[in-house]
Structures are given as structure tokens and as C-alpha cells.
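The values are calculated or read from the model by the stated rules, or taken from the named source; none is laboratory data. Keep in mind that what you see is a predicted model, and the values were worked out from it rather than measured. So basically every Cβ, Gly included, is an ideal-geometry build from the backbone, and we count neighbours across all protein chains shown. Remember, those area values only see protein heavy atoms, side chains included, never the ligands or the DNA or RNA. Shrake-Rupley method; radii C 1.70, N 1.55, O 1.52, S 1.80 Å.
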Amino acid sequence: MSTIKKEIICTVCPRGCHMEVEGQGDQVISVTGYTCNRGLEYANTEFAHPVRILTTTVKMAGVSNDLLPVRSASPLPKEKLFDCMEVIRQTEVKLPVACHDVIISNICGTGVDIVATKSVE
Amino acid sequence: MFEINCDVVIIGGGPAGLAAAIGAKEEGAEKVLIIERDNALGGILQQCIHPGFGLTRFKEELTGPEFYGKFVDRAKELGVEYMLNSMVLSVDHENSQVICVSSEKGMTCVHAGSIVLAMGCRERTRANIVTPGTRPAGLYTAGAAQRLVNRQNIMVGKKVVILGSGDIGMIMARRMSLEGAKVVCVVELMSYLAGLTRNRVQCLDDFGIPLKLAHTITRIEGNERVTGVWVAPVDENKVPIKEQEEFIECDTVLFSVGLLPENELTRKAGIAINPITNGPEVNQYMQTSVPGVFACGNVVHVNDLADNVSEESARAGKYAAQYAMKKLPTSTGTVTCVTGRNVRYLCPQKIQKAEGSEKVSLYFRVLNPELGVKLVAKCGDEIIAQKKAFRVNPGEMDHIAVDTAKLTTDAITVEVVKED
Ligand SMILES: Cc1cc2nc3c(=O)[nH]c(=O)nc-3n(C[C@H](O)[C@H](O)[C@H](O)COP(=O)(O)OP(=O)(O)OC[C@H]3O[C@@H](n4cnc5c(N)ncnc54)[C@H](O)[C@@H]3O)c2cc1C
Ligand code: SF4
């Protein structure tokens, strides 16, 4: 397998270091351009398995003019974001809801829950 | 007219108003009242459902609702009172009262020991920046679109062009993409990004949305609904290069071209306004030119981080409570804060000297991005504080702390100097 180079901008802190990662498949061979270890760690994950926190809204049963804000309890694989959105779009919650109640558990088999970010009576 | 008495009255129930109320209560004010025109507390953060809040204050990454939720809980715990669906119409500082109209009580006069302004900001609109063309449907400010999509379940369009690379615009680019819309591009007049780099990575790059730096929209087409926009690169004087104009098809244009503090009430009350921030001038107590009136949050200067808003607002609440209890330190002199090289504005604009010494943080924004610099605070030729900065950027607020005991002149200058 041939090696590939990826430019990755660190988003851990506002400094935004530009890093270059060289790797093969999932394996990272070298990282340059980072300033601290948090950046190195970010580059390793971002190269092989980029993850993102997903935030969106869910319909509430019997409510037509308001939405419940929700988030993934932890970061989700980036390539699964659109699949997760599709499931969330089909969901409707019953009230009341408390902040951090699980709305969808183990979404798309990722092991991550979608939780409410607000309480609604 | 219905009448209410309280120690501290706060206008606006966003993160600034909530933090000020908590600060006032914790300082010992007995009756603290928030007046909010919306039907819920939380301000603009009710529609900011994305993460990125609270990293400095709570050491975790919260969404807007989670962030203000913590303040609402604390305010309720402390017994802060609030009136919703109530709009303040005027601030009468001579009689230390505010007049509001509430759906429940009608016209109401609130007498208070001190008043805190926390009305936030509103967005610049197309009218503020004048884009030529027709006025069809499909034109929104990014924040208005954010409110419609996130709070009212109304999708604003399918094919979107965004003018301005501010954070709200980029965050809406991601939001619209996740909801199935196509964001064609983000157009930015300046040659650099207006918002945070992390938002470019996570909101534009992740979704393959092109960013056109040093470009602008020259015309908007469409009669009833937007059908497209003309986009052209700009030369070094920001003048569009007509020959390179191209047509981009879209049904929606979002304007993310900055925020303006909401200061109609402040102006009407005759409180001194700073021409650069468009907000009231304040000292380190967040006290305006009128002694009984304090101000905090986006009404004073546009903050990029709600964390900063809550810090300065807690301070406003604390000193407003002290003022109401007649405990505010007696001033022994005033020092004016002056902008030096590459500093656009400073907040606070004045420092009150008092018995003893105190650390005061001076917040500021630079005019131009620079790398490898030193931030310096000087009284005359004497340097009283300095620190290194790897990078300064107009989009990110900086600060430098000074010791009031070291203020030997009646002016202090803050400047950004190149490191050799
Ligand atoms: C569209 C938009 C999106 C933003 N997104 C982010 C973001 O993602 N992250 C971030 O950190 N910051 C963001 N900001 C900046 C954000 O405004 C601040 O972080 C924070 O919300 C400021 O708090 P505030 O209390 O000063 O203002 P606000 O949250 O705006 O609260 C002001 C409150 O005062 C009320 N009010 C105003 N006038 C009156 C009156 N006359 N009578 C009664 N009530 C009144 C308003 O209804 C409102 O509830 C955004 C701002 C806008 C406009
Ligand atoms: S590498 Fe370290 S210093 Fe550079 S952006 Fe990432 S966290 Fe910040």
C-alpha cells in the first residue's frame, strides 16, 4: 500500500497549527507541524478516524412551532453524520424531557447516545 | 401604572443578564429582577444549539442551551426574579427607574437602586452594508435563519450562498448542509477568515463548502424569489473586478456580516456611547457615564465567546449591587484607556482609582492580524504590563491585566508591538 499525506489543521485550541500527517491505511507514520501533544493526539485520530459532535433538533409530539435541541453525548464518526441525521429526522419525542435524557440510544450502532440539551415541561 | 421596587433591575435575560443577576445576588443584593421581552430566558443562545460554549468557564464543551441552562438553574436557586414577555421602553436614571410594558401587568414602573443594561446585540442587515439588486424573498441574516431553522422548524432554502465568513454564517453553513440543503459557497470580502479557524474546518471543509476570500456579491437576481447572485473578486481597495464577475445560482442568501450592540435605550437615556464599539463607555466596574447605570455583554461590545460575557457580567452585577447598597469604592481619580498601535478599541475605556490596588483586565481587539508580537500597557514611557502573543487576530478578543497601583499618569496606552 502506498503512503498518503494529509494536511490537517488542529482545532483543539485557537492557535490552529497546520500539521502534515503521513500514513498508510489507518497507520500514522509521521506528524509534523504541531506545537503540543494535544495536537499530535488530534492528528492521529483525525487521520484515521475523524469524529465530530453532532448537534441538531428533534420534533416534540404535539408541538408544531418549537423544537428540542439535542446532541451526541460524545463525538461520532464523521462519515456517519448523515446516517444519524436521517434517524433523528424520523424521531419524535414525548414530553416532558429533562436535559441530558437519552432520546435515541446507540444511534446507527455507533455506541453513542443522542441526548436532550434542554429541559422542556 | 403598576409599580415594583427592587435593589437591582436588569434589562435582558440572555447570558449577560443572567450572570449579572447571579453576581448581584451573590454580592448580597436582596431583590434582583430581570426584565426580558422574549417568552423565555437565555437570549440568543436559545438558537445556538451547536457546541463551543463554556470551555473556559466550565472546562467542558457545551451547547448554547446547556450553557445558559446552568445559569438559569443557579439564578432560580438564588431567588432571582424575572418578568417574561416584558419590553423595557425607557430608562429614567434621574429617578432611578425603568418603564416597561408587560403582557401580564401592562405598563409597569420599576424603581431600583441600580440598573444593569444587558440587551445584547442585533445583526447588521443588508441595509447596513448596501448590496445592490432586487429585493426578492430568500434573503436572511444568518441569525434570523438560525432562529427559523432551530427554534421554529422552518427550513429557509435549498441552495444557499452565504456572504461573510463570521462564525454565525459558518455555523449556519453546517446546519443547512446537515438538514439537506446545498451550500454553494461562502463569500468573504476580506483576504482572511472573519471567524474561528475551527469553524472553517468543522463547518466548511467537512462539507466540502468552498470559501471565496477577497470576493463579494455584486448583485442579487430574482423577482419574487432569489434566483442567483453575481460574485466577483475584489482588488486591494475592495473594489469588485467587474470583468471576473460570475453568476451563481441559488434560492437563498444568508448575510453574516457582523453584529451591532442594541443601544436605542442607552442613547435615549443620554448615556455616553463609544463611537467604535457602538456600546456605552464603561469603567472596570462596568459602570456607564451615569453612576447608577451599569452595562455588560454584547450591549457594551460584541464578544465572540459567551464565556467572556459571563465573566464581565458577573462583575457588572457585583458592582451594581454594591452601588445599590452604597458600598461602591470611592473614586480617587480617573485614568483613560488609550488605543495604541494596532489596537482598535479597549474595554473598559476608563479605570477608577480607589484605596488599595486591584487587578483590572483590559479587553481589546486588534485592527490587523499579526504574528509574533508583544502586548504592552504603558503609562507615559513606563511599561506597566506586557505579554507575548504568538498571534493576534481581529476576530479574537485579547486582554492584558494591569495593576491599578502602578497607574502613575491619567492615561494608559495599550499597543501591539512587533517582537524583534
Ligand atoms: C445570531 C447570533 C448567534 C451567535 N452565536 C454565538 C455562538 O455561537 N457562540 C458564542 O459564544 N456567541 C455567539 N453569539 C454572540 C452571543 O450573542 C453572545 O455570546 C451572548 O449571547 C451575548 O449575551 P447577551 O446576554 O449580551 O445578549 P443576548 O443573548 O442577545 O441577550 C439579550 C437579551 O435582552 C433582551 N432584550 C433586548 N432588549 C430588550 C428590551 N428593551 N426589553 C427587554 N428585553 C430586552 C433580548 O430579548 C435578549 O434575550 C451570537 C450572537 C448572535 C446575534
Ligand atoms: S497543536 Fe497544540 S498549540 Fe497547535 S493548535 Fe493544536 S492544541 Fe493548539
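Determine whether segment A:61-78 contains at least one residue that is under 30 Å from A:VAL102 (Cα atoms) and in contact with a Leu (Cβ under 6 Å, 6 or more places away or on another chain). Within segment A:61-78 (the criterion being under 30 Å from A:VAL102 (Cα atoms) and in contact with a Leu (Cβ under 6 Å, 6 or more places away or on another chain)), the answer is yes, since at least one residue qualifies. Within segment A:1-42, the set of residues being in contact with a Lys or Arg (Cβ under 9 Å, 6 or more places away or on another chain) and under 28 Å from A:CYS84 (Cα atoms) comprises A:ILE9, A:CYS10, A:THR11, A:VAL12, A:CYS13, A:GLY39. Taking first residues from segment B:378-389 that are open to solvent by 90 Å² or more (accessible area, probe 1.4 Å) and partners that are of a type in the set (D, E, K, R), the Cβ contacts under 8 Å between residues at least 6 apart in sequence or on separate chains come to B:GLN386/B:LYS374; B:LYS388/B:LYS374; B:LYS388/B:GLU419. Counting the residues of segment A:41-62 that are within 11 Å of ligand 2 (Cβ to nearest atom) and surrounded by fewer than 18 Cβ atoms within 10 Å (Cβ to Cβ) gives 1. If I filter segment B:242-273 down to residues being assigned to a loop (DSSP other than H, G, I, E, B), out of contact with any helix residue (DSSP H, G or I) (no Cβ under 8 Å at 6 or more places or on another chain) and open to solvent by less than 20 Å² (accessible area, probe 1.4 Å), which single residue comes out as nearest to B:VAL402 (Cα to Cα)? Applying the filter and picking the extreme gives B:ILE271. Just one of the listed residues (B:GLY79, B:GLY69, B:GLY28, B:GLY52) is within 16 Å of ligand 2 (Cβ to nearest atom), surrounded by fewer than 24 Cβ atoms within 10 Å (Cβ to Cβ) and more than 22 Å from B:ASN95 (Cα to Cα), namely B:GLY52. Checking each residue in segment B:1-33 for being of a type in the set (A, V, I, L, M, F, W, C) and under 19 Å from the mean Cα position of the chain (by Cα) picks out B:ILE10, B:ILE11, B:ALA16, B:LEU18, B:ALA19, B:ALA20, B:ALA21. Within segment A:102-111, the set of residues being assigned to a loop (DSSP other than H, G, I, E, B) and open to solvent by 40 Å² or more (accessible area, probe 1.4 Å) comprises A:SER105, A:ASN106, A:GLY111. Close contacts from segment A:22-47, counting a first residue that is in contact (Cβ under 8 Å) with a residue 40 or more places away in the chain and a second that is open to solvent by 40 Å² or more (accessible area, probe 1.4 Å), with Cβ to Cβ under 7 Å and a gap of 6+ residues or different chains, come to A:PHE47/A:LYS6; A:PHE47/A:VAL28.
Restricted to segment B:175-193, and to residues that are within 14 Å of chain A (Cβ to nearest Cβ) and open to solvent by 20 Å² or more (accessible area, probe 1.4 Å), which residue is nearest to B:VAL229 (Cα to Cα)?
It comes out as B:LYS182.
Considered as a group, the residues in segment A:7-27 that are in a loop (DSSP other than H, G, I, E, B) and more than 10 Å from ligand 2 (Cβ to nearest atom) include one that is nearest to the other protein chains (Cβ to nearest Cβ), and that residue is A:ASP26. Set side by side, the residues B:VAL290, B:VAL282 differ, and just one is over 30 Å from B:ILE162 (Cβ atoms), assigned to a loop (DSSP other than H, G, I, E, B) and either under 17 Å from the mean Cα position of the chain (by Cα) or not assigned by TED's automatic domain parsing to the domain that holds B:LEU117 (or both), which is B:VAL282.
Just give me the residues in segment B:65-84 being of a type outside the set (Phe, Trp, Tyr) and either at pLDDT below 95 or touching a strand residue (DSSP E or B) at 6+ places or on another chain (Cβ under 6 Å) (or both), in sequence order.
From segment B:65-84, those of a type outside the set (Phe, Trp, Tyr) are B:65-66, B:69-70, B:72-81, B:83-84; that's our starting set.
The answer is B:PRO65, B:VAL80, B:GLU81, B:MET83.
Tallying residues that are open to solvent by 30 Å² or more (accessible area, probe 1.4 Å) and more than 21 Å from B:GLY270 (Cβ to Cβ) within segment B:102-120 yields 4. Per the conditions (1) under 25 Å from B:ALA272 (Cβ atoms); (2) within 10 Å of ligand 1 (Cβ to nearest atom); (3) crowded, with 20+ Cβ neighbours inside 10 Å; (4) not small (Gly, Ala, Ser), the sole criterion not satisfied by B:VAL8 is (2). Pairing each residue of segment A:51-62 that is facing chain B (nearest Cβ under 10 Å) with any residue that is assigned to a strand (DSSP E or B) and among the basic types (Lys, Arg), provided the two are 6+ apart or on different chains, yields C-beta distances under 6 Å for A:THR55/A:ARG71.
Among the residues of this structure, A:ILE114 does not count as one that is at pLDDT 95 or above, buried (at least 19 other Cβ atoms within 10 Å of the Cβ), more than 13 Å from the chain's Cα centre (by Cα) and not charged (D, E, K, R). All of B:VAL98, B:VAL149 fail the test of being more than 10 Å from ligand 1 (Cβ to nearest atom) and either more than 14 Å from chain A (Cβ to nearest Cβ) or surrounded by 20 or more Cβ atoms within 10 Å (Cβ to Cβ) (or both), apart from B:VAL149.
Each row is one residue, and each column tells you yes or no for (1) under 30 Å from B:PRO51 (Cβ atoms); (2) of a type in the set (Phe, Trp, Tyr).
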position	(1), (2)
B:ASN278	yes, no
B:TYR285	no, yes
B:VAL290	no, no
B:VAL300	yes, no
B:ASP304	yes, no
B:TYR345	yes, yes
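Taking A:CYS84, is it surrounded by 15 or more Cβ atoms within 10 Å (Cβ to Cβ), more than 24 Å from A:GLU46 (Cβ to Cβ) and facing another protein chain (nearest Cβ under 10 Å)? So A:CYS84 does not fit the description; no. When A:SER2 is tested against the conditions (1) open to solvent by less than 80 Å² (accessible area, probe 1.4 Å); (2) polar (S, T, N, Q); (3) more than 16 Å from ligand 1 (Cβ to nearest atom); (4) not in a strand (DSSP E or B), the lone failure is (1).
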